[in-house]
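K.L.:
Starting off with a structure, shown below.
The values are calculated or read from the model by the stated rules, or taken from the named source; none is laboratory data. Note that the structure is predicted; figures quoted are calculated from it, not measured. Don't worry about glycine lacking a Cβ; one is built from the backbone with ideal geometry, like all the others, and counts go over all protein chains shown. What goes into the accessible areas is simple: the full protein's heavy atoms, side chains included, and nothing from ligands, DNA or RNA. Shrake-Rupley method; radii C 1.70, N 1.55, O 1.52, S 1.80 Å.
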Amino acid sequence: MSPEEFRQYGKQVVDWIADYLGSVEKHPVRAQVRPGDVRAMLPAHPPEQGEPYEQVLADMDRVILPGVTHWQHPSFFAYFPANASGPGILGDLLSSGLGVQGMVWATSPACTELETVVVDWLAELLGLPAHFRTDSAGGGVIQDSASSAALVAVLAALHRTGTDGRRTIYVSSQTHSALEKAGRITGLVAGDVRTVDVHPETLEMDPARLRALIEEDVAAGVTPALVCATIGTTSTTAIDPVRAIGEICREHGIWLHIDAAYAGVAAVCPDLRWINDGVAEYADSYATNPHKWLLTNFDCGVLWVADRKPMIDALSILPEFLRNAASESGEVIDYRDWQVPLGRRFRALKLWSVIRWYGAEGLREHVRTGIALADRFAELVAADPDFELRAHHPFGLVCFRPLRTDALELMERVNASGKLYLSHTKVGDEVWLRLAIGAPATTAAHVDAAWAALQAAGRRISPGRR
Ligand SMILES: *Cc1c(COP(=O)(O)O)cnc(C)c1O
């Protein structure tokens, strides 16, 4: 494809995306296909001769779109949001256009240095402590996901223990499965990922139980390596008591990782910085995902560390083919040593585009809008005696359940309608529905319509009850 052909098709692709985003509401939110439907529409064999690009675009409409679940639909309320935005998409396109592989500084200095600047900017926007900034002993790095960030934290923490003996990490029953996976990948056996009980109502990790488990393990000759505290759990956005957990970690010299994958970005609003209480004093690492609620297309997860040395010691291996004068001078950062893979995309471009387009004010506005809409939905639920609301909803997620109908049946009904899409969780034995607000296109009208659809579906399942 020549640059002129690229210009021609590139304009068509941008038009296609603009049309898609402008009309996303006309699609059913959840894909209406059955397993195998998409495959059945695709040829089993690759083309022998090249095809005109028009045919690819035509198949986007004919084959791909019907099999897409529309995450940018204003009535997508499942899981957590995966925000896309104009500047995020354009930043990603610019990254693709450059085609840079930024494994070390020398393979593209701008890829490294822009990343340093934007992760420092983001630390400032979130009010994170100065020791997470690159001009200190710590620093930030863009990873593909919060799972990778957790894996890097576990690797650094295990390395920092200075022993190959039996080591443990501590999570709660509400911690994301990424931590257990990180334990497996790093060779811990299942029992060495210790699960701490949570408070039955708030679902916060119980610091007294954490202390007891740690003391038991230390007495048994095991080395506790890391505790993961979560700010905004995936299930219900519970917030672990970071300060109390941090004090225990400090006493025992244990690495404290903070998983704030979804909720951390809420700290762009100064009135929400309380969520990070204890982080400045105690956290060794902190992860949040601009690709969830901060308008930056997947993938973009940021990991900060208070001290980069244990991480680099754990991850740096220097093969001959990567030796270069800049790295040896010690004057540059080689982010390959801050992540598991060697290669890395120029992800900083999309985060830079997003921050510059929206500015701090625009980012705050986006988060505030999501929270206000969640509060609005929560009020509607609270006013209906046929539903129960979970009290805690500081962010964009509202958990609730129908009292007179089966929650899963209700959810399946509304999801199958294609009008909205929500997901569920389990707290103890109870099924709760999760309505997560945060798509930039979502307005009060969409939230009200979602509630009306839920109420109507509830009435249809239990006729005569109301
Ligand atoms: C979403 C989420 C993760 C996983 O994020 P990825 O970036 O998809 O790996 C981890 N922890 C929490 C609390 C999450 O909400």
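K.L.:
Could you size up the charge dipole of region 100-345 around its Cα centre, putting +1 on the beta carbon of Lys and Arg and -1 on that of Asp and Glu, and report it in debye to the nearest 20?
P.N.:
Here the size comes out at about 400 debye.
K.L.:
First compute the accessible area of region 366-466 with a 1.4 Å probe, then give the percent of it belonging to carbon and sulfur atoms.
P.N.:
With neighbouring chains kept in place, the figure for region 366-466 is 51 percent.
K.L.:
While we're looking at this one, here's another question. Residue separation times 0.36 nm, minus the C-alpha to C-alpha distance between residue 32 and residue 61: what's the value?
P.N.:
9.0 nm
K.L.:
Given Cα pairs under 8 Å that are at least 6 residues apart, what percent is the relative contact order of region 100-345?
P.N.:
Reported relative contact order: 28 percent.
K.L.:
Related question: If a/c stays under 1.5 just call it rounded; otherwise compare a/b with b/c (prolate if a/b is bigger, oblate if not). Do that for the chain, with a ≥ b ≥ c from the square roots of the Cα gyration tensor eigenvalues.
P.N.:
oblate
K.L.:
Can you give me the accessible area per residue for the chain, using a 1.4 Å probe, in Å²?
P.N.:
45
K.L.:
Which residues' amide hydrogens lie under 5 Å from the amide hydrogen of residue 196, considering only partners 5 or more residues apart or on another chain, with H built in the peptide plane?
P.N.:
Residues meeting the amide H criterion: 171, 172, 173.
K.L.:
Next up: Which whole-angstrom value gives the distance between the alpha carbon centres of region 221-289 and region 394-466?
P.N.:
30
K.L.:
Follow-up. Find out how many positive minus negative residues lie around residue 275, taking Lys and Arg as positive, Asp and Glu as negative, among other residues whose Cβ is under 13 Å from that of residue 275.
P.N.:
Neighbourhood net charge equals -3.
K.L.:
What shape does region 1-106 take by its C-alpha gyration tensor, where a ≥ b ≥ c are the square roots of the eigenvalues and a/c under 1.5 counts as rounded, a/b above b/c as prolate, and the rest as oblate? Each step should come with its number before you reach the end.
P.N.:
Numbers: a/c = 1.67, a/b = 1.15, b/c = 1.45.
It comes out oblate by the Cα gyration axes.
K.L.:
List the relative contact order of the chain as a percent without decimals, with contacts defined as Cα pairs under 8 Å and 6+ residues apart.
P.N.:
22
K.L.:
Considering only DSSP beta bridges whose two residues both sit in the chain, what percent are antiparallel, to the nearest 5?
P.N.:
Counting DSSP beta bridges with both partners in the chain, the antiparallel share is about 60 percent.
K.L.:
Please say if region 100-345 is rounded, prolate or oblate, where rounded means a/c under 1.5 for a ≥ b ≥ c the square roots of the C-alpha gyration tensor eigenvalues, and otherwise the choice is prolate for a/b larger than b/c and oblate otherwise? Can you show the working numbers first?
P.N.:
Details: a/c = 1.95, a/b = 1.33, b/c = 1.47.
Judged from the Cα gyration tensor, region 100-345 comes out oblate (a/c at least 1.5, b/c at or above a/b).
K.L.:
Per the 1.4 Å probe, what fraction of the accessible area of region 100-345, in percent, lies on carbon and sulfur atoms?
P.N.:
Reported share for carbon and sulfur atoms: 53 percent.
K.L.:
Take the eigenvalues of the Cα gyration tensor for region 358-466, scale each by 5, and report the square roots as semi-axes in whole Å, largest first.
P.N.:
Computed over region 358-466, the values are 26, 14, 12 Å.
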